[in-house]
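Quick note: the coordinates plus some simple rules give every number you see, no bench work behind them. Worth saying up front: this structure is predicted, and the values here are computed from it rather than measured. When we count neighbours, we look across all protein chains shown, and the Cβ atoms used for this are built from the backbone with ideal geometry, even at glycine.
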Amino acid sequence: MTGYEPPTALPRALLERDDMRAAIAAHDFGAVFSLARSEAGISYSKIAAECDVKPERVGALARGQGSVTTFEKIARIADALRIPGWMLGLAPRGWEAATSSGRMPGVSERGALGDTGPVGGGVRRRELLKATGAAGLVTGLPELARPTVGRRIGQDFPDRMRKRTARLRRLDDVLGGGDTYRVYLGEYHATKALMRESSYAEETGRELFSVLAEQAQQAGWAAFDGGLHAEATSLYEASYVAAVEAGDSALSGNALAFLAYQTVSGDHHGGVEIASRSCSTAGSTAPPGVRALLYERLAWAYAVAGLATETERALSAAEEAFSEAKGTWKPDWAAWADENELRIMSGRCWAELHRPLRAVPLLEAALAQYDDTHARDKSLYLSWLADSYLNAREVEQAAAVTGRALELCDGVASVRPRKRLAPVLRRLGEHRELPAVAEVLDKARAA
């Protein structure tokens with residue numbers, strides 16, 4: 001492909017424009033196509049032919065309908081429009097070394113996350129990160145430049161990538177999936193491309209598959225949190241395949257736990273089956289912290305299915321695993337699960353099973369230790385507390401908790417808090433004659 005210059009190659013001046021850079025960084029290919037036509041005179045039909053996309057699909061994307069998420073299609077667009085790989089979170093494309101348009105002055109090939117200097121056209125690293133929604137926190141995290149590597153990957157490289165993945169995972173502590181999805185998806189695609197285009201020893205390959213599985217899970221979680229359920233399912237399934245290839249049973253079990261968590265809301269029994277399989281896949285040799293996490297997810301699946309006895313049994317298994325976990329190692333992807341998270345999950349389970357006398361004390365005690373900076377998660381957990389207060393006929397207390405949840409989730413790029421609060425607000429609507437309830441309903445409408 002290096003000797004061919006496609007008719008859809010974007011002019012360097014257009015690639016350097018702020019609006020084009022922002023669209024590329026956000027993987028907003030509809031905006032990219034629209035700018036290509038309006039600013040460079042490249043027709044949609046030419047774009048469709050070079051990108052192997054139906055012309056009507058190109059037009060729909062340009063109108064803001066749909067998105068492009070598969071690696072293969074993103075790579076095809078990069079090659080057709082001659083978009084350097086770093087701008088999309090990909091490894092350098094094969095044609096970049098053979099053409100001067102593959103490199104732009106003053107731009108590091110490490111990618112948006114790794115570029116610390118000024119970028120051509122006056123766009124700086126922070127502005128590119130704003131396009132992905134994660135600017136503020138990413139710029140505060142150290143050593144986020146994607147490690148460089150030659151065509152032969154050394155045995156130390158997977159560990160470096162795992163540490164990078166762990167640092168980026170911290171974005172999820174304070175940002176919603178609408179902000180982080182493109183960041184995590186870009187990481188996953190870049191690693192996938194690197195594995196396809198490089199050589200490495202067998203053991204290094206297994207470690208790379210393990211990193212890839214972690215990245216797919218994180219991208220899937222962000223997709224789920226942002227309401228992109230089909231994309232989440234696809235990424236979780238890809239993660240499971242990669243984890244199996246890596247021979248990492250704990251990570252394979254976690255991929256299934258993610259699938260179960262997504263499935264359970266629409267298919268209660270299907271969710272229970274997948275969650276049970278996640279525990280058996282990880283097995284008794286998994287680190288106790290991992291087993292605790294998977295048993296938590298199993299308890300939730302049982303609770304949503306209305307199985308109280310099984311829920312209590314799974315919560316007990318999680319508690320026992322946590323007691324074993326003290327002072328032991330667990331992977332970073334399971335590090336967020338601790339005893340306080342178990343209290344929250346227990347409270348959520350009992351709230352789901354309409355047991356307010358058990359749910360309220362657990363949720364109140366756990367949330368008292370939960371910092372407001374974790375706004376998305378805290379607002380979600382408050383929704384179950386409000387639900388439990390309603391079940392206990394403490395309507396005004398439910399209204400106060402709901403109002404707090406609404407304040408926390410305001411501006412958070414996640415669909416889940418408002419979705420969870422919707423049925424609570426409907427139930428509160430039955431008591432709109434109470435001033436406290438009327439106030440929170442007005443707040444919800446204003447939001």
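Structure values in brief
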item	result
Label-point separation, His431 to Ser316 (7 Å along Cα→Cβ), nm	3.4
Amide N of segment 332-352 lying under 18 Å from the label point, which is placed 7 angstrom from the Cα of Ala368 along Cα→Cβ	339-348
Cα-Cα over 22 Å, subset of Lys330/Lys419; Lys163/Lys419; Lys378/Lys419; Lys378/Lys443	Lys330/Lys419; Lys163/Lys419
Cβ-Cβ FRET estimate between Ser38 and Glu407, R0 fixed at 60 Å, reported to 0.05	0.90
Average projection area in nm² (convex hull over Cα atoms of the chain, one quarter of hull surface)	22.4
Table column - 3J(HN,Hα) (Hz), segment 298-310, Karplus curve with 6.51, -1.76, 1.60, x for Gly and Pro	5, 4, 5, 4, 5, 5, 5, 7, x, 9, 5, 4, 5
Eligible aspartates and glutamates near Lys326 by straight Cα distance, threshold 15 Å, same-chain separation 8 or greater	Asp338, Glu339, Glu341
Rotationally averaged projected area of segment 216-326 (alpha carbon convex hull; nm²)	6.5
Ranked by how many other beta carbons lie within 10 Å on average, peptides 282-288, 313-319, 378-384 from highest	378-384, 313-319, 282-288
FRET efficiency, Lys326 to Asp156 (Cβ-Cβ, R0 22 Å, nearest 0.05)	0.10
Among Ala386, Ser239, Ala275 - extreme Cα towards positive end, dipole of the chain, charges at beta-carbon	Ser239
Highest-MSF residue in the chain out of Glu203, Glu352, Glu245 [GNM, Cα springs under 10 Å]	Glu203
Residues Lys192, Lys54, Lys443, sorted so that the one with the fewest Cβ neighbours within 10 Å comes first	Lys54, Lys443, Lys192
Fraction of the pair-distance distribution of segment 350-447 above 19 Å, Cα-Cα pairs, percent	35
Exposure proxy order (Cβ contacts within 10 Å, fewest to most) of Arg418, Arg57	Arg57, Arg418
Potential extension, Tyr4-Ala166 segment - 0.36 nm per residue separation minus Cα distance	54.4 nm
Ranked Asp248, Asp19, criterion: other C-beta atoms within 10 Å, fewest first	Asp19, Asp248
Segment Leu357-Lys73, length gained on full extension (0.36 nm per residue, minus Cα span)	97.0 nm
